[in-house]
Amino acid sequence: MAKITRKPVTRKAAVPKKKAKAVVAKPNAPARKTLKAIRRWTPAEVHEAFSRFRKANPEPKGELEHVNPFTLLVAVVLSAQATDAGVNKATRALFEVADTPQKMVDLGEERLREYIKTIGLYRTKAKNVIALSAKLLSEFGGQVPRTRAEIESLPGAGRKTANVVLNMAFGEHTMAVDTHVFRVGNRTGLAPGRTPLEVELGLEKVIPAEFMLHAHHWLILHGRYTCLARKPRCEVCLINDLCRWPEKTV
Ligand code: SF4
């Protein structure tokens, strides 16, 4: 009888499962039961709110100064945990000498640090700006790429950066959620969520396409000048009657 030889069983090396990235709720995020209790806006109410924003400010502008998509990208990277006014103060002189990736690389990290040293985390940001400029030159022909994945691949650029650049430089209907948009989305009940991504996706879902180009700026400006973090100015708020915040005044 022929001898049956068995192949030795080779066990596959255990592939460590990729850890899912923990989604951490923002410290000022509403509790889950609060989110559930919020009465959702009807499409007619959302349309009404954005019609009022449009009427009051038909062409809202972002407040980060820039002269082209590259300087916009740099300004957004520098603006993390900093105010737009603080970034503008530093970038006015910087963009005079470095408004392209090549000029930024030529300027070098050390001199760049001098220009931006009034901005928080400036050392890390200087490193990132030089690295992203070098990457734009080596991989994207010196141009700011037009896809989310490519922008997010640049050092120092995350989802919010990609959303701002895609919206402001390329006119895409993206929704960047900063601290103001996060607060307004939650307080008003337009798009409640415990993370910026939840709020972003919620806003994209409820805001009609006709308003999406400017929606990001209307909500930022609303949060910055009316729906203030500590003392919202409900008495002058355009959408007071629609807002779901239980603590609103008037
Ligand atoms: S009514 Fe008050 S809380 Fe509501 S959106 Fe307006 S300012 Fe904010």
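Which entries in the list 61/160; 26/61; 33/55; 89/248 go over 25 Å, if you measure between the two C-alpha atoms of each? Present the calculation step by step, with values, prior to reporting the outcome.
Values: 61/160 17 Å; 26/61 27 Å; 33/55 35 Å; 89/248 35 Å.
Exceeds cut-off: 26/61; 33/55; 89/248.
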Sequence order, the range 53-61: Karplus ³J(HN,Hα) from phi using 6.51 cos²θ - 1.76 cosθ + 1.60, θ = phi - 60°, Hz rounded, Gly and Pro as x, gives 4, 5, 5, 6, 8, x, 10, x, 10
Setting aside same-chain residues fewer than 8 positions from residue 125, which aspartates and glutamates have a Cα under 13 Å from its Cα?
109, 110, 114
Carbon/sulfur accessible area of the chain, % of total, 1.4 Å probe, equals 56 percent
Over all directions, what mean area does the Cα convex hull of the range 160-250 project, stated in square nanometres?
5.6 nm²
Could you run the Karplus curve 6.51 cos²θ - 1.76 cosθ + 1.60 with θ = phi - 60° over the range 75-85 and give me ³J(HN,Hα) per residue in whole Hz, x for Gly and Pro?
4, 5, 4, 6, 7, 4, 6, 9, 8, 4, 4
Rounded to the nearest 0.05, what FRET efficiency is calculated for residue 109 and residue 42 with R0 set to 51 Å and r the Cβ-Cβ distance?
0.45
May I ask you to give the solvent-accessible area per residue for the range 53-205, in square angstrom, as obtained with a 1.4 angstrom probe?
46 Å²
Contact order relative to length of the chain, as percent, for alpha carbon pairs under 8 angstrom and 6 or more apart:
20 percent
What whole number of Å gives the distance from the Cα centroid of the range 196-250 to the Cα centroid of the range 145-186?
18 Å
Sequence order, the range 105-111: Karplus ³J(HN,Hα) from phi using 6.51 cos²θ - 1.76 cosθ + 1.60, θ = phi - 60°, Hz rounded, Gly and Pro as x, gives 5, 5, 4, x, 4, 5, 6
Just need the Rg to Rh number for the range 69-170, please, alpha carbons only, Kirkwood Rh.
0.92
The extension gain from residue 118 to residue 89, computed as 0.36 nm times the residue separation minus the Cα-Cα distance, is 9.6 nm
The chain: Rg/Rh from Cα coordinates, Kirkwood Rh?
1.13
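The values are calculated or read from the model by the stated rules, or taken from the named source; none is laboratory data. As the structure is a prediction and not an experimental result, all values here were calculated from the model. So basically every Cβ, Gly included, is an ideal-geometry build from the backbone, and we count neighbours across all protein chains shown. When the accessible area is computed, the model is the full protein with side chains, heavy atoms only, and any ligands, DNA or RNA have been set aside. Shrake-Rupley method; radii C 1.70, N 1.55, O 1.52, S 1.80 Å.
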